[in-house]
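Read the figures in this text as sums done on the coordinates, not as results from a lab. Fair warning: this is a prediction, and the values are worked out from it, not measured in the lab. Note: ideal-geometry Cβ built from the backbone for every residue, glycine included; neighbour counts use all protein chains shown.
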Amino acid sequence: MKSTEVADKYAEALYEIGKEEGRLDEFVEELDALTEIVTSNETFLHFLTHPLVPDGDKVRLIDRVFGSDLSGDIRNFLRVLVSRDREGYIDLIKERFHKLRREKEDILEVEVKVPAGFSREGLAEKIEERLEERTGRTIQVTSLTEEEGLIGGAKLSIGDKVIDGSVKGQLEDLREFVLEGGNDGRD
């Protein structure tokens, strides 16, 4: 099992460098893309984490695969992970980096699900704007996906909380209300 304490140390170091250089957004994009590539290719991940593969070969592969697509800071970060046998932590480091950033910058991440065929143009920005007005916090829509079975509206997931503003969700609430005898506590 991987230690979150180890991942936290690397995430904290990366966060501090990004903040100091004013490049946190760039680091987030690169770290997300890097993690997606590494974790989605089982062979690549196995090669990077195999204890018998020399560090030099791992670094050459990283340079060949990512080349100039990664900033020098992120490439150096990967080299440090390889030299300390922590390359298998990349996904956990990414998660902890995002968590740390949310905490330090008071960012609320929101996942949005909309019906199939729903126009998504400008939707993330509108949701961020409305939620920021209501909460007074910085909002970041992290995903905007379609969900089969939704009828109009949207579902928002904020941490463990789900706000179901879909027509389907409202119909289900109405159904429960009617089945309970239509008593909502009002006289």
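Pick from E111, E133, E12: which is most flexible by mean-square fluctuation in a GNM of the chain where alpha carbon atoms under 10 Å apart are linked?
In the Gaussian network model the winner is E133.
If R₀ is 35 angstrom, what is the calculated FRET efficiency for the pair E105 and I151, using the beta carbon separation as r and rounding to 0.05?
Plugging the Cβ-Cβ distance into 1/(1 + (r/R0)^6) gives 0.45.
Place a point 7 Å from Cα of V65 in the direction of its Cβ. Which residues in the stretch 1-45 have their backbone N less than 13 Å from it?
33-45
For V53, what is the net charge nearby, where nearby means another residue's Cβ is under 13 Å from its Cβ and Lys, Arg count +1, Asp, Glu -1?
Details: positive: K58, R60; negative: D55, D57, D85, E87.
Local charge sum for V53: -2.
Scaled to the compact-protein estimate 2.2 N^0.38 Å, what is the alpha-carbon radius of gyration of the stretch 107-179, rounded to two decimal places?
It is 1.15.
How big is the antiparallel share of DSSP beta bridges in the chain, given as a percent to the nearest 5? Please list the in-between numbers first.
Details: 8 of 16 bridges.
The answer is about 50 percent antiparallel.
Taking Cα centroids, how far is the stretch 47-86 from the stretch 105-133 in Å?
35
Semi-axes, largest first, in whole Å: what does sqrt of 5 times each Cα gyration tensor eigenvalue give for the chain?
Calculated on Cα positions only, the semi-axes equal 41, 18, 16 Å.
Pick from D173, D85, D25: which is most flexible by mean-square fluctuation in a GNM of the chain where alpha carbon atoms under 10 Å apart are linked?
Greatest mean-square fluctuation among the candidates belongs to D173.
Of E172, E29, E147, which is the most mobile in a GNM of the chain whose springs link Cα atoms less than 10 angstrom apart?
With Cα springs under 10 Å in the chain, the top fluctuation among E172, E29, E147 is at E172.
What are the trypsin sites (Lys or Arg not before Pro) within the stretch 55-107 that DSSP puts in a loop, where the Cβ has at most 15 other Cβ atoms within 10 Å?
Those that pass, being in a loop and sparsely packed, are R84.
Can you tell me the dipole magnitude for the chain around its Cα centre, using point charges on the Cβ only (Lys, Arg +1; Asp, Glu -1), in Debye to the nearest 20?
Dipole magnitude for the chain comes out near 440 debye.
What distance in nm lies between label points placed 7 Å from Cα along the C-beta direction at R175 and N41?
The modelled label-to-label distance comes out at 4.6 nm.
Quick check on the chain: helices-only [θ] at 222 nm, where DSSP H runs of length 4 and up contribute -39,500 (n - 2.57) each and the sum goes over total residues. Nearest 500, please.
One gets -18500 deg cm²/dmol as the mean residue ellipticity at 222 nm.
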